[in-house]
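The values are calculated or read from the model by the stated rules, or taken from the named source; none is laboratory data. Remember, it's a predicted structure, so these values are computed and weren't measured experimentally. Glycine also receives a Cβ, built like all others from the backbone with ideal geometry; neighbour counts cover every protein chain displayed.
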């Protein structure tokens, strides 16, 4: 397992296509997260193994006979601030637990309740960094909060969002509708959330 550190999660996403090209078909996983999830796990009192310098990380896992060579190619292509190779299974499992525990905490640790409704939005991996920047801006513009993470090798992002659902309040429904429309419109520009040509729906 190779852990790659970047200044931000969006910059980690920018590196995804280079990693996919450096080790085609060899990445078992390429997952992204940022410091907000790590902070949530630490605040809960759970231990966090050492991470490379940065505020955004890619967890790149490779397997096979030529794994050392694949790791070298990934490090060379990554343009990371810092890297860490983890070959101890227990420590790798602890790092994956940050991702798993943090994903659950991200939906329960905001000042207001967070909801599904904008899950699994995906763009071609080469557009993921740009989409994450736009997504964060759209959250801010609508007065919303969420902690995104995802399968960066697939260009896929998860995020639960604190939509202000209030029964009988048309204004709260309008925030949800306007945000969803703005996101869908922006995703269309990136050719997002649709299968590649030639694949089934």
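Here is a yes/no grid of residues against (1) without any contact (Cβ under 8 Å) to a residue 12 or more places away in the chain; (2) in the same structural domain as residue 38 (by TED's automatic domain parsing):
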site: 78; (1), (2): no, yes
site: 93; (1), (2): yes, yes
site: 98; (1), (2): no, yes
site: 102; (1), (2): no, yes
site: 139; (1), (2): no, no
site: 162; (1), (2): no, no
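When every residue of segment 167-181 is checked against the conditions, none turns out to be within 17 Å of the chain's Cα centre (by Cα) and modelled with pLDDT of 90 or more.
For segment 135-168, the set of residues classified as within 21 Å of residue 31 (Cα to Cα) and in a helix (DSSP H, G or I) consists of 135, 136, 152, 153, 154, listed by residue number. Since residue 126 meets every condition but one in (1) under 18 Å from the mean Cα position of the chain (by Cα); (2) modelled with pLDDT of 95 or more; (3) farther than 18 Å from residue 185 by Cα; (4) surrounded by 20 or more Cβ atoms within 10 Å (Cβ to Cβ), which condition does it not meet? Of (1) under 18 Å from the mean Cα position of the chain (by Cα); (2) modelled with pLDDT of 95 or more; (3) farther than 18 Å from residue 185 by Cα; (4) surrounded by 20 or more Cβ atoms within 10 Å (Cβ to Cβ), only one is false for residue 126: (4). Of all the numbered requirements in (1) at pLDDT 90 or above; (2) over 15 Å from residue 186 (Cβ atoms), residue 132 misses one, and that requirement is (2). Within the option set 58, 95, 132, being assigned to a strand (DSSP E or B), on the phi < 0 side of the Ramachandran plot and surrounded by 15 or more Cβ atoms within 10 Å (Cβ to Cβ) holds for one residue only, 58.
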